[in-house]
Amino acid sequence: MYNDDMEDMEYIEAVVSAEYQGERLDVFLTEYLADYFDAISRSYVQKLIKDGLVTRKGKVVKANEKVKENDLFDVQFKEPAELEAKPENIPVEIVYEDEDIVVVNKERGMVVHPAAGNHSGTLVNALLYHCKDLSDIGGTIRPGIVHRLDKDTTGLMVVAKNNMSHLFLSSEIKERRVTRKYMALVEGQVMENKGHIDAPIGRHKTDRKKMAVDVRNGKEARTYYTVIERYNEFTLLECTLETGRTHQIRVHLSYIGYPVVGDPVYGRKDTRGMPGQLLHAYNLEFVHPRTKEFMSFKSDMPKEFYELLNKFD
C-alpha cells in the first residue's frame, strides 16, 4: 500500500456510467481521468491501482476487474498544489443565478476547470470568486461542473451551486433531458438540409489529447444538424447534441468532411483571417433542480462570429 504524505494527494470520486458496464477498470479510469489531464496513459492508471491508490468501498482493486454501472471508485494521485481550484477575480458573464444554479456565457479561450497545464484562469476559478459556493461532487478540481465546453467554444453552461443540484442535473443530462444547441460555421457547403451523425467516439489511438470516431471501441455519440444558411465556401449549421462526448460536434463534423471553421485540432491547418473556432452554444434548456420549472436560455453569437457572417452577405 502506498504510504506517502497524503496531504500531497489529489482526490477524485469516479462513478461508472452505463456505457462502461463490463469494461476493465484500468480502461474506464483512463477514459475518466482524461478529463483532468491533457494526456494520461493506461500504464499510469495501472500504477495507481498497483500502488493501492484506487479503492472501492475502502478495499483495493485490480486493474483487470470488470466495472458495473454506478460503481464508485476513490482515486488518489499526486499533483502540484496549484491544481486545486482557488477563487480568482476574473470577469465572467453570469446570465442567471439563484441559490442552486448559475448559468454563464463562457468566452472563447477560457478553460472550464483546472487541469495539467491550466492551473488558474479557468471558469471554475472565476465562479469560486463570484459565487463562493459550488457543489463539491467534482472534487477540488471541478466543483459545480456538470457539463463542459471546450476552451475555444463559446456559449451557455449551467453550473451547480450545491450537491442536490449537481446530482439532479447530472441525472438529467444522463437521461438526455437537457437540450444543448450550437451554432457552427463549417468548411464547405453541406447539401442536405437536415441530417444526423451516429458515430462512436473514443480517444485517438496515437494522440491522447485528441478524440476520434472509433467504431470498434468508441462510445455511442449522436449529433443532429440543420442548415441555417449556405455561403460560397461555408455553411452555418444548428447542431443538437443527443450525447455529450468530449469534442463531439468538432469530431463528428470533421468526420463527415465539414470541419468547424477555425478549429485548430480537427479543422484545416490554415485558419488565417478567421476570428477563432466558430462554435457557439447558443441554446440551453433544462428543468430547475429545486422548483422543477422549465428553464430556457439563449445567447447571441459572439461579435466576431457575426462580423464574419456579414462579410459573406
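Brief remarks follow.
- Residues that are surrounded by fewer than 18 Cβ atoms within 10 Å (Cβ to Cβ), under 19 Å from the mean Cα position of the chain (by Cα) and in a loop (DSSP other than H, G, I, E, B), drawn from region 197-218: His204, Asp207, Arg208, Lys209, Lys210, Asp214
- Region 243-262, residues that are crowded, with 24+ Cβ neighbours inside 10 Å and over 18 Å from Val112 (Cα atoms): Val251, His252, Leu253, Val260, Val261
- Selection count where residues are at pLDDT below 95 and within 20 Å of Ser171 (Cβ to Cβ), scope region 278-301: 0
Results for (1) of a type in the set (D, E, K, R); (2) in contact with a Cys (Cβ under 8 Å, 6 or more places away or on another chain); (3) at pLDDT 95 or above; (4) under 13 Å from Ala199 (Cβ atoms), shown as yes or no for each residue.
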{"residue": "Thr223", "(1), (2), (3), (4)": "no, yes, yes, yes"}
{"residue": "Leu236", "(1), (2), (3), (4)": "no, no, yes, no"}
{"residue": "Val260", "(1), (2), (3), (4)": "no, no, yes, no"}
{"residue": "Asp263", "(1), (2), (3), (4)": "yes, no, no, no"}
{"residue": "Arg268", "(1), (2), (3), (4)": "yes, no, no, no"}
{"residue": "Gly273", "(1), (2), (3), (4)": "no, no, no, no"}
{"residue": "Gly276", "(1), (2), (3), (4)": "no, no, no, no"}
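- Set Lys181, Lys219, Lys209: member being under 30 Å from Glu304 (Cα atoms) and at pLDDT below 90: Lys209
- Conditions (1) in a strand (DSSP E or B); (2) at pLDDT below 95; number of the one not met by Thr243: (1)
- The residue that is farthest from Val111 (Cα to Cα), counting only those in region 123-151 that are part of a loop (DSSP other than H, G, I, E, B) and under 12 Å from the mean Cα position of the chain (by Cα), is Val146.
- Some residue of region 80-97 being of a type in the set (Asp, Glu), surrounded by fewer than 23 Cβ atoms within 10 Å (Cβ to Cβ), over 30 Å from Asp263 (Cα atoms) and at pLDDT 85 or above: yes
- Selection from region 163-180 of residues that are crowded, with 18+ Cβ neighbours inside 10 Å and in contact with a Leu (Cβ under 8 Å, 6 or more places away or on another chain): Val178, Arg180
- Taking region 117-141 as the range and being at pLDDT below 90 and open to solvent by 30 Å² or more (accessible area, probe 1.4 Å) as the test, the residues that pass are Gly117, Asn118, His119, Ser120, Gly121, Lys132, Asp133, Asp136, Ile137, Thr140.
- Given (1) surrounded by fewer than 21 Cβ atoms within 10 Å (Cβ to Cβ); (2) out of contact with any Leu (no Cβ under 7 Å at 6 or more places or on another chain), number of the condition Ala221 does not satisfy: (1)
- In the set Thr243, Thr223, Thr179, only one residue is polar (S, T, N, Q), touching a residue at least 24 places away in the same chain (Cβ under 8 Å) and within 22 Å of Gly276 (Cβ to Cβ); that residue is Thr223.
- Matching residues, region 153-162, being closer than 20 Å to Asp263 by Cβ and either touching a Pro at 6+ places or on another chain (Cβ under 6 Å) or surrounded by fewer than 20 Cβ atoms within 10 Å (Cβ to Cβ) (or both): Thr154
- Subset of region 152-164 (residues that are in contact (Cβ under 8 Å) with a residue 60 or more places away in the chain and within 19 Å of Asn105 (Cα to Cα)): Asp152, Thr153, Thr154, Gly155, Leu156, Met157, Val158, Ala160, Lys161
- Checking each residue in region 288-311 for being open to solvent by 20 Å² or more (accessible area, probe 1.4 Å), touching a Leu at 6+ places or on another chain (Cβ under 9 Å) and not charged (D, E, K, R) picks out Ser296, Phe297, Met301, Pro302.
- Taking the criterion of being among the charged types (D, E, K, R), part of a helix (DSSP H, G or I) and at pLDDT 85 or above, the residues of region 19-57 that qualify are Asp26, Lys47, Lys50.
The values are calculated or read from the model by the stated rules, or taken from the named source; none is laboratory data. Given the structure is predicted, the values throughout are model-derived calculations rather than measurements. Ideal geometry is used to build each Cβ from the backbone, glycine not excepted, and the neighbour counts take in all protein chains shown. Heavy atoms of the whole protein, side chains included, go into the accessibility calculation; ligands, DNA and RNA do not. Shrake-Rupley method; radii C 1.70, N 1.55, O 1.52, S 1.80 Å.
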